[in-house]
Each structure stands twice: as structure tokens, then as C-alpha cells.
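Readers should treat all values here as calculations from the given coordinates under stated rules, not as data from a laboratory. Computed from a prediction, not measured in an experiment: that's the story for all the values here. Cβ sites come from the backbone with ideal geometry, for glycine too, and all protein chains shown count toward neighbours.
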Amino acid sequence: MALLPIIHAPDPRLKVKSARVDTVDDGLRRLMDDMLETMYAAPGIGLAAIQVGVPKRVIVIDVAREDEPRAPLFLVNPEIVAASDEDATYEEGCLSLPGQFADVARPAWVEITYLDRAGAPRRQRAEGLLATCVQHEMDHLEGILFVDHISALKRNMILRRLLKQRRQQSVGD
Ligand code: GNR
Ligand code: NI
């Protein structure tokens, strides 16, 4: 297993639409295992392959709390097949926008289909934090970030803060 470098906004790769996966093979499983290790180390509750520079429709998620056993999910070619009319609002963050947070409203539950780590088709209903996380990760597959769901004013504030953070880091190095 290996830790992979995470790409930060405004890297143009984060705007790319990721391509469907043809076959779930050992190479893809290695990528998913490395992504999971990278996500746990960050730490985060989800990671899309494009965040480590790989434009494939692959997501890893684990929304278990620290006092619970690990519960990793591997989603290949996920699709939303149903969503609630009712929205839920969560304060979202993103490993590609480190240290930045904003409230985002999304459907409170979604039903998804995907291929699991063995390549077997699955169907699952997600609610609560898992529903938010699944939708946040699926946005990454379309080149969409959580800041694309908030006002331009808030988005520009966050992007400016990120650039300032980065300038100050490079002075300190
Ligand atoms: O670690 C993460 N936390 C989080 C919190 C609220 C809503 C979504 C997320 S996903 C994020 C990790 C990440 O950037 N995944 O793409
Ligand atoms: Ni993210």
C-alpha cells in the first residue's frame, strides 16, 4: 500500500470528468487500496480517484466514527437511481480545499448502484452523512467541488483564502 499525493484547488485536473471503468481488476483494486490508505491518513471520510490525479469513476468512503470499527466502501461506476425531494444541509469540507468549510444542501437520501471491490453489482440506499459524502464524491467524478454549490461570493472567499494560505506556506518553507 502507498500514500498518494492529494491534488488541491485550483488544479485544473479537479474540473475533469472522470471516465467509466471497464473491468475491476487487480490494478484497480491496488488503486482503491492506496486511495483508502491515503484517505485514512489525511484523515477524511471519502476520496475520489481524480483527487489523486486518476480520472476514473472510482470512490472510497468510510463514514464510521473513530470509536467504531472501520467500514470501508469501494464504489466503481456509481449511479444515483433515486433521490429524496427533501434536502439535508451539512457543513462540508474537502481534502482538495484544505481547511475550508461551507454549508451545502443536497437530497437527504439517495439510492445508488455501483460495482464493489470484487466487481459485483450492488444497490444501496444512503442517508445522513453517508448520503452527503456519496454525493460529494460523485460530484468529483463530474469535475464539481462543494464550492460550486454555494454563492459566488462565498466561493471566491474560500478560493482566495486557499491561495493566501498557500502563499504563506511557501514563504515559511
Ligand atoms: O473528509 C471529508 N469530509 C467531508 C465532510 C462533509 C462532507 C463531505 C466530506 S468529503 C471529505 C473528503 C473529500 O474531500 N472527499 O472528496
Ligand atoms: Ni472532496
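Tabulated results
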{"read-out": "Sequence-distant lysines (8 or more away, or on other chains) whose Cα lies within less than 29 Å of residue 164", "value": "15, 17, 154"}
{"read-out": "With 5 Å bins from 0: P(r) over the stretch 74-130, alpha-carbon pairs, percent", "value": "4, 18, 19, 19, 20, 14, 6, 0"}
{"read-out": "Residues whose placed amide H lies under 5 Å from that of residue 53, excluding near-sequence neighbours", "value": "7"}
{"read-out": "Charge dipole of the stretch 39-169 about the Cα centre (unit charges at C-beta), most positive-ward option of 152, 112, 162", "value": "162"}
{"read-out": "When the chain is reduced to its Cα atoms, the Kirkwood hydrodynamic radius in Å", "value": "16.6"}
{"read-out": "With 10 Å bins from 0: P(r) over the stretch 24-110, alpha-carbon pairs, percent", "value": "15, 42, 38, 6"}
{"read-out": "The chain - mean residue ellipticity at 222 nm from DSSP helices (-39,500 (n - 2.57) per run, n ≥ 4, rounded to 500)", "value": "-10000 deg cm²/dmol"}
{"read-out": "Between the stretch 1-59 and the stretch 98-150, the Cα center-to-center distance that results, in Å", "value": "14"}
{"read-out": "At most 14 other Cβ within 10 Å, DSSP loop - chymotrypsin sites (Phe, Trp or Tyr not before Pro), the stretch 33-117", "value": "101"}
{"read-out": "Charge dipole (debye, nearest 20) of the chain; +1 at Cβ of Lys and Arg, -1 at Cβ of Asp and Glu", "value": "740"}
{"read-out": "Globularity ratio of the stretch 6-49, using Cα Rg and 2.2 N^0.38 Å", "value": "1.29"}
{"read-out": "Cut-off 11 Å between beta-carbons: net charge of the residues surrounding residue 54, Lys and Arg +1, Asp and Glu -1", "value": "+2"}
{"read-out": "Charge dipole (debye, nearest 20) of the stretch 67-116; +1 at Cβ of Lys and Arg, -1 at Cβ of Asp and Glu", "value": "240"}
{"read-out": "Average Cα contact separation per residue, the stretch 15-98, under 8 Å, 6 or more apart, as relative contact order %", "value": "26"}
{"read-out": "Net +/- balance of residues flanking residue 3 in space, Cβ distance below 13 Å, scoring K and R +1, D and E -1", "value": "-3"}
